[in-house]
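Notes to accompany the following structure.
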Amino acid sequence: MTLAVLAVVVALPTSQSLILDYSAPAARWEEALPVGNGRLGAMVFGGVDRERIQLNEDTLWAQGPVPVTPERAGEVIRQARQMFFEGRGREAQDLIHKEAMTPAIEPRSYQPLGDLLIDMKFPHRRVAEPLALGNWKKGPVAATPDPAWARPEFDDSGWEPGDLSVPERSWAAFRTDFVVPEKLQGSSWNAIELSPIDDASILFLDGERLGETKQWNQAHRLRFPRPLTPGKHVLAAFVRNDGGPGGFAERVRLLCETPAEGYTRMLDLDSAVATTKFEVDGVTYTREVIASAPDQVAALRITASKPGALDFDFVLQRQEGAKGMAAGKGRLKLLGAAGHGGDKQGVVFHAIASCRADGHLTQSEERIEIRGATSATVLVAASTNYNRSNPHAPLGDNLSVKNASTLDRAELRTWEELKSRSVQDHRRLFRRVDLNLGQALAGRTIPDRLEAYRKGAEDPALEALYFQYGRYLLIGSSRPGTMPANLQGIWNEHLEAPWNSDYHININLQMNYWLAEVANLSELHEPFFWLNEGLMPAGREEARKLGCRGIAYYHVTDAWLWTALYGHPQWGMWPMGAAWNSQHFMEHYRFTGDRWFLREHALPFLQANCEFLLDWLVEDPKTGRLVSGPTTSPENTYLVEGKPLYLSMGVTMDQMIAWDVFQNYLEAVATLGVSGPLVDRVRKALANLKLPEIGADGRILEWGEAYQEAEPGHRHMSHLFGLHPGRQITRANRQLFEAARKTLEDRLSHGGGHTGWSRAWIVSFFARLKDGGQAQDHLRQLLSKSTLPNLLDDHPPFQIDGNFGGAAGIAEMLVQSHDGKIELLPALPSAWPQGLVRGLRARGGFEVEIAWANGRFESARILSLRGGECKVEYQGKPLAVKRLKPGETLRLSGESTPPSPRSR
């Protein structure tokens, strides 16, 4: 699919810092800096003695059998539906769980490609080599650990060696001791590195609390308060297992992290270059890392300020499932297959790394050594046999030849040419939008700014940086012809990633692409459309099993384009994924005016969803209205007689999605001049569709009736779909609009918004409610509570949807166009008294520039990209209504706008 994109001048000047800067190497993955070209991703750690560049390739997925919906699922659901109407919901839910749903088959994860490791060699710098710690002893299992177990003098002679497991819902203690020699070669160890600890732990060094771990699936690195002194030391760990298999780290190493003079590490969002610079023995070393889209390589440049002072070794390796070896002079290769311990084998992958240096090169089977150089360039090309046209028919390409050819072409260019091509390509997209919200906290690194921000400091420039970071991440993880951005975008170090790093389509995938149109990155939406159209054959089969025409997608899919009723009804009994996703097709048309896309892609997808909904919706015998069900309000629970139920008829989110699909379809056929029986049936169904209801307490009902909520602060706020990303709830319906506010405020009063993506969604909710103060407050909470040191979103763990959703929320605060007009600064907070934004897109094919000062709109320029009527509003009052020609600009001044109350 080729998307038509209306682009204007791309070289907008950037008036605010677009640098993520740090004064120390990354101690863990969540501090490393991402670069990506849509297909290849890299996380740059910036180590002094060892540089780790963790690599990803977007099609590197494990596979295996997929869940299959039972053939009689539709029959079971129809029976359960009648039981719900008869008031037998619990029986109906149990029936669906037992007979309509199939068990999960996991893991089947998106996986890392491997690591490029650069070991620097400095003739006069001495640091202790990493030391692996073993001989762990396991103490008693207890409900609560005894603090005495951590003391150095404690007698652990009766403890058992070897077993690292911890029973469910228990604590266990582990201890080991080691000796630091008197004459250590180099600086002593000052940090510890641990492989994942499942679920959590508290660590002690010589009886002093060292720190704790909370993420069960992540490696950990902790710094000691001081370097270890010669003599005996004792490490102790109290490990808690909250459920399922669990235990202590399988690998523990002592590390020496000795700082270098003048150390800086940074990521420039404007150029997409990650740079590390430091000085050792009077020599300044500089490393630059890019992921080039034009040349399809990840590339590293290393230079030394003194001729001949650059010495390093490098290897290309992977945790498991791959073998590294020589691939000709100056080249190493890595080949293997994705899988899980030999099970669920997925794609075959291949990578080649090459090195060009002006020094002496020697090579072994798995390592290349460079000595006496002044500069060197390392290039990595990688690919798999994944077939985007038919994932179940692997490509027959010779991956070795393919990657070697990619490197051959890249090596014809100098580093300056490679870098320039990459930067220009990135800026073609990135520089379409400029945002200035005010001054940054001067002279501070990102960690310092985050810490000050968490303590209450104002830093509007950090919020602007966060917006641009969202755009940067989408450019790096979603390009035409690549896979869509998954739960981790493209950046993942886990062989078994959280939630398999898959595509959750009950909000997460959709949130990944809320930013695409409004942030002037329309063509990056293409992988989303590819995925949805690729799922249509599976979706038709699922709809057939439900006794319906059209297509039905459930809550999850992945690279293998399957969908099924699987797992638990609380999250799995939800066939509305395709219907929600159809909104994106129509939104792409609204922003671009691409009639070819509307006719060839949006209309067929909308039609398939209408066919499904017309068969799926049934009349409620009490009201005669059409309702969906039985389904879940994604992942939430209500109580009946004190016991939880997950499913209901007439779930509000389903009803809002159905309204959205029918409205979008009718708009599409009217635009294209299409008529016929389906159009008439949709109009009739829309007129009889159950609409959102307001309960006695003034809140929008989440389920078909006013049930008691089991978790009033649940992270999903699905019954506000009609507020955002939908358009059913606007100020035109004041009663529903105010009910949405009350619904949101109540959810928050019970602790809602506690995950990163959920908090990001709240920013857009308040923006649509025209409440800039609350929108900015929740943006502050997103950055303060759910943002990692590298500014990636912390669900926890890392999940990229919060980055995209938060950035989309900032755009909603500045311009809205979902209600038939362009609203300037609809939710401007007092924290942004002056600013400038240019390049945002509005529905109808407009590009918007807005300047404001003292909290008031000053001027705007609205460029029509395709011609048409332009309606503009500010603070609820019309500013202009004018029909523009293609390329014509409407200029507006704030001088004539009447004063009105500032946004809260």
| field | Percent of Cα pairs exceeding the 19 Å cut-off, where the set is segment 127-257 | value | 46 percent
| field | segment 127-257, dipole about Cα centre (Lys/Arg Cβ +1, Asp/Glu Cβ -1), debye to the nearest 20 | value | 280 debye
| note | dims of the chain, Cα set, principal axes, largest to smallest, nearest Å -> 85, 65, 58
| Taking the radius of gyration and the Kirkwood hydrodynamic radius from Cα positions alone, what is the Rg/Rh ratio for segment 24-179, to two decimal places? | 1.18
| note | Of the listed links 138/344; 277/455; 622/742; 214/785, those spanning more than 22 angstrom between alpha carbons are 138/344; 277/455; 622/742
| task | Beta carbons within 10 angstrom, averaged per residue: use that to sort the peptides 853-865, 570-582, 666-678, highest first. | result | 570-582, 853-865, 666-678
| Mean Cβ count within 10 Å, highest first, over the residues of peptides 600-606, 835-841, 656-662 | 656-662, 835-841, 600-606
| task | Give, as a single signed number, the net charge of other residues whose beta carbon lies under 13 Å from the beta carbon of residue 628, with Lys and Arg counted +1 and Asp and Glu -1. | result | -2
| query | Roughly what percent of Cα-Cα pairs across segment 759-872 reach past 24 Å? | reply | 30 percent
| message | Can you tell me which lysines have their Cα less than 16 Å from the Cα of residue 183? Leave out same-chain residues fewer than eight positions away. | response | 232
| Between segment 734-793 and segment 525-598, the Cα center-to-center distance that results, in Å | 27 Å
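Which value at 222 nm does the chain reach when only helices count, each DSSP H run of 4 or more adding -39,500 (n - 2.57), with the total divided by all residues and rounded to the nearest 500 deg cm²/dmol?
-8000 deg cm²/dmol
Compare 264, 755, 229 by solvent-accessible area with a 1.4 Å probe and give them largest first, with all protein chains kept in place.
The most accessible residue leads, giving 229, 264, 755.
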| Surface accessible to a 1.4 Å probe, per residue, for the residues of the chain, Å² | 36 Å²
| request: Could you please put 313, 49, 155 in sequence from largest to smallest accessible area, using a 1.4 Å probe? | output: 155, 49, 313
| field | Net length gained if the chain between residue 23 and residue 94 were fully extended (0.36 nm per residue, minus Cα distance) | value | 20.0 nm
| How much length is gained if the chain between residue 674 and residue 639 is pulled fully straight, taking 0.36 nm per residue apart and subtracting their Cα-Cα distance, in nm to one decimal? | 8.0 nm
| task | Name the lysines eligible as straight-distance cross-link partners of residue 333: C-alpha to C-alpha under 18 Å, and not fewer than 8 places from it in the same chain. | result | 323, 402
| query | Over the chain, what percent of the accessible surface lies on carbon and sulfur atoms, probe 1.4 Å? | reply | 49 percent
| remark: Most packed first (mean Cβ within 10 Å per residue), the peptides 115-125, 884-894 order as 115-125, 884-894
| note | In nm, the gap between the two label points placed 7 Å beyond Cα toward Cβ at residue 439 and residue 153 is 5.7 nm
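How high is the relative contact order of the chain? Use alpha-carbon pairs under 8 Å, at least six apart in sequence, and give a whole percent.
12 percent
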| Taking Rh as the Kirkwood radius, which is the inverse of the mean 1/r over Cα pairs, what is the Rg/Rh value for segment 358-427? | 1.09
| request: Among the lysines, select those whose C-alpha is under 22 Å from the C-alpha of residue 877, and discard any that sit fewer than 8 residues away in the same chain. | output: 770, 821
| message | Counting only other residues whose beta carbon sits under 10 Å from that of residue 798, what net charge do I get with K and R as +1, D and E as -1? | response | -4
| request: Count the net charge of all other residues whose Cβ sits under 10 Å from the Cβ of residue 319, scoring Lys and Arg as +1 and Asp and Glu as -1. | output: -2
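The values are calculated or read from the model by the stated rules, or taken from the named source; none is laboratory data. None of the values given here were measured: they were computed from a predicted structure. Positions of Cβ are generated from backbone atoms using ideal geometry, with glycine treated the same way; all protein chains shown enter the neighbour counts. Surface areas here come from the heavy atoms of the whole protein model, side chains and all, with no ligands, DNA or RNA. Shrake-Rupley method; radii C 1.70, N 1.55, O 1.52, S 1.80 Å.
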